[in-house]
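Single-structure report; data block below.
Every number in this text was worked out from the coordinates using simple rules, so none of it is lab data. Source: prediction; values computed, not measured. A quick note on method: Cβ atoms are made from the backbone with ideal geometry, for glycine too, and the neighbour counts reach across all protein chains shown.
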Amino acid sequence: MPKTSVATLAQIGAAADPPQRSGNVDALIDEPRLSGLQLRLFLICALALFCEGYDLQALALAVPDIAGELGVTPERFSLALSASLFGMAIGGAVFGPLGDRIGRKPMLTIAMLVTGGSTLAALLHVSAGWITVCRFATGIGLGITTVNTAAIMSDYAPAKWRFLLMTLMTCAVPGGAFLAAMIAPAILAGIGWHGIFWFGGAVPLAVAAVIWLFLPESLKWLVSVRPRDPRIAAILRQIAPELAAGQLYLTQRERSARQSVATLLSPEHRIRTLVAWLGTISGGFCLYLMMSWLPTVLRQAHWSTADALRGTAAVQLGGIFSGLLIAWAIDRRKIVPALLAGYGCSALALAAIGLLPGKVLLWQGLLLLAGAGTSGIQGIWMSIAVALYPLELRATSAGWMAAVSRIGAVSAPIAGGLAIGAQMAPKTILLTLVVPVAISAIAILFGRRHFVSPPPVIEGEEIR
């Protein structure tokens, strides 16, 4: 990696007036060329989120077969499908912040162990109640994963690459769900639904070993919390071998207190906050209803198992492509057009599903488009939360965005189960999803004046 010049370090760290040869950690991280360490960290974090996407989708893929084995109706698993999403809220809010105390690396290792172990534990006793308990534990692991991958990636991503790397990393979640749906037909035909859980449990355990062996701890966290830790020198040898650990300093200390949520709801920010919350609630509802019940709904529409699972995969594939396109537009401060295009695409696709004949290829194509505004936008609402607010509100806005999004996510599997229990037609279930998508689009349209990014942060300030 190229050396950081003394002049550059002095300029960036002028506020602290450090010694001339000291090392500004922010400047080292923000050098324009990505180091091998940063790329390795990105790949490992993406792998962890890939496991998250797989395990979020796993139970929904197996529900029709588990229900058939137990002789019960699929809607009996509504609580089990919601349990993982509720667990994610608990894991992210209660256990995720422990990464600020004991480190990102040990928390990510624990998260993968909990995720893998609880997924395998679901095989010990096959019942709706036991699977619900195990899925809640799985959700806790996934919530810890979400928080700490975002934290450590933000700590290591250069300012120039941060938005792109965070977006690409987030795309690993729908990528994992897409793979789960694509390989499920072969697993179900070969070894049955148990194989979906064997794979979903074994891979996170392997990733836990990879994290423990190869993931570096956050350099910013070590310098801030454990400045005498020998790991600092080991990391420096990879990114700046000419510097000693004692020369490092941080330009900007972590803020210990967040702004109150009342600030988000102040007259200056109220409309953008409420519209953004409405968008993430409705988006979470649509996405997780489809993730939870599409395999069952499409099979009830007399699709083959393979076709039904490919239809489920199409939603995630659409989300991957649209997420990248929407992130590209947002990076160019085109937030409103990007959101309206995504939601409009989904609304039209869902309406077409409700009105057109249920031909397999046609519906699979429409489901791909439906994923553009559900899976695609939902994956980057956290980035939008950061883009819409000034520096001092970004941590608060992101935290509350993550919390309120769970309202739609947790309620979706239950609502879907009630619809299936009421024997609502598959196309009617999907057609009703037009309503929350349209409400979000209309709200963004009327609140568009408030969806403007604040001025860019001056060089040397850290976006949190």
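Structure above, values below:
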read-out	value
Gyration tensor over alpha-carbon atoms, the range 351-416, equivalent ellipsoid semi-axes in Å	33, 15, 7
Globularity index of the chain, i.e. its alpha-carbon radius of gyration over 2.2 N^0.38 Å	1.00
The chain - charge dipole about Cα centre, Lys and Arg +1 at Cβ, Asp and Glu -1, debye rounded to 20	440
Nearest-ten-degree value, helix 360-373 long axis tilted from longest Cα axis of the chain	30
Ranked by how many other beta carbons lie within 10 Å on average, peptides 80-90, 228-238, 396-406 from highest	80-90, 396-406, 228-238
Folded to 0 to 90 degrees: helix 128-156 orientation relative to the chain principal axis, Cα	30
Interatomic Cα distance distribution for the range 258-454, bins of 5 angstrom, percent	1, 8, 17, 21, 19, 13, 9, 6, 4, 1, 0
Dimensionless Rg ratio for the range 109-160, taking C-alpha atoms and the 2.2 N^0.38 Å reference	1.48
Estimated distance in nm for a label pair at L265 and A202, the labels positioned 7 Å out from Cα along Cα-to-Cβ	4.9
The range 299-404: relative contact order as a whole-number percent, Cα under 8 Å and 6+ apart	36
Lysine pairs within the chain, Cα separation less than 29 Å, 8 or more sequence positions apart or different chains	8
Least to most buried among E75, E69 (fewest other Cβ within 10 Å first)	E69, E75
Per-residue [θ]222 nm for the chain (sum of -39500 (n - 2.57) over DSSP H runs n ≥ 4, rounded to 500)	-23500 deg cm²/dmol
Gyration tensor over alpha-carbon atoms, the range 274-317, equivalent ellipsoid semi-axes in Å	26, 10, 5
For the range 34-216: rounded, prolate or oblate by the Cα gyration tensor [a/c cutoff 1.5]	prolate
Contact order relative to length of the range 106-196, as percent, for alpha carbon pairs under 8 angstrom and 6 or more apart	25
